[in-house]
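Colleague: After the structure tokens below, expect a handful of questions from me.
The values are calculated or read from the model by the stated rules, or taken from the named source; none is laboratory data. No experiment lies behind these values; they were computed from the predicted model shown. Note: ideal-geometry Cβ built from the backbone for every residue, glycine included; neighbour counts use all protein chains shown. Areas reflect the complete protein model, heavy atoms only, side chains present, ligands, DNA and RNA absent. Shrake-Rupley method; radii C 1.70, N 1.55, O 1.52, S 1.80 Å.
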Amino acid sequence: MRNAKQWVIAVLAAVAGFALVNFGNIASSIVVMVLVVVFLLVLTTPVLYPRSLPDDASRVLAADRSVPLIYWRPGCIFCLRLRLALLLRGKKAVWTSIRQDPAAAARVRSVNDGNETVPTVFAPSEHRTNPDPSWVITQFV
């Protein structure tokens, strides 16, 4: 997480420099920086994900719909990559935050050698950790 914060600071500094050079004044660069910060906040918060359900309800819902059950965590860039790659299909999947539900975190740890590695995707026949989005797409019936 520490490295991610350093990258965010570096990106903000680069955007500020770009804005200052291209727009020529501090007010414009502040506006650009605020927009970048808002964009980064949207990307790293649960806004892009469907509402998270408890683990037991998520398992039942995923089985009833025959869709993948995806465990995720806010701020996870790999979860964001998967969510954006799935586009509208991603809304059909069942998403459960391991930060909100200890039982979900325990299930993720049980299949990842004790690590809370996300995204962890459970399909009806198997599970995968940080899978290729194309594999997840094939799991929708």
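Colleague: Which residues, taken from the range 103-123, are open to solvent by 10 Å² or more (accessible area, probe 1.4 Å) and assigned to a helix (DSSP H, G or I)?
Modeller: Ala103, Ala106, Arg107, Arg109, Ser110, Val111
Colleague: Can you name every residue in the range 124-141 that is open to solvent by 40 Å² or more (accessible area, probe 1.4 Å) and either aliphatic (A, V, I, L, M) or in a helix (DSSP H, G or I) (or both)? Steps first, please.
Modeller: The first filter runs over the range 124-141 and keeps only residues open to solvent by 40 Å² or more (accessible area, probe 1.4 Å), leaving 124-130, 132, 134, 137-138, 141.
Within the range 124-141, Ser134, Ile137, Thr138, Val141 meet the criteria.
Colleague: Just the residues that are open to solvent by 90 Å² or more (accessible area, probe 1.4 Å) and either assigned to a helix (DSSP H, G or I) or touching a residue at least 60 places away in the same chain (Cβ under 8 Å) (or both), please, taken from the range 89-100. Quick ask: steps written out before the conclusion?
Modeller: So the first thing to find is which residues in the range 89-100 are open to solvent by 90 Å² or more (accessible area, probe 1.4 Å), and the list is 89, 91-92, 99-100.
Selection gives Arg89, Lys91, Lys92.
Colleague: Another question, if that's okay. Taking the stated definitions as given, is Leu86 open to solvent by less than 90 Å² (accessible area, probe 1.4 Å), modelled with pLDDT of 90 or more and closer than 18 Å to Ser134 by Cβ? Spell out the reasoning first.
Modeller: Numbers: open to solvent by less than 90 Å² (accessible area, probe 1.4 Å): yes; modelled with pLDDT of 90 or more: no; closer than 18 Å to Ser134 by Cβ: yes.
Taking the combined requirement at face value, the residue does not satisfy it.
Colleague: Say we look at the range 41-66 and pick out the residues that are buried (at least 19 other Cβ atoms within 10 Å of the Cβ) and over 15 Å from the mean Cα position of the chain (by Cα); which of these is modelled with the lowest pLDDT?
Modeller: Initial filter on the range 41-66 (buried (at least 19 other Cβ atoms within 10 Å of the Cβ)): 49, 52-53, 55, 58, 62.
Restricting the remaining residues to those that are over 15 Å from the mean Cα position of the chain (by Cα) gives 53, 55, 58, 62.
On the way: Leu53: 88, Asp55: 94, Ser58: 94, Ala62: 93.
Of everything passing the filter in the range 41-66, Leu53 is modelled with the lowest pLDDT.
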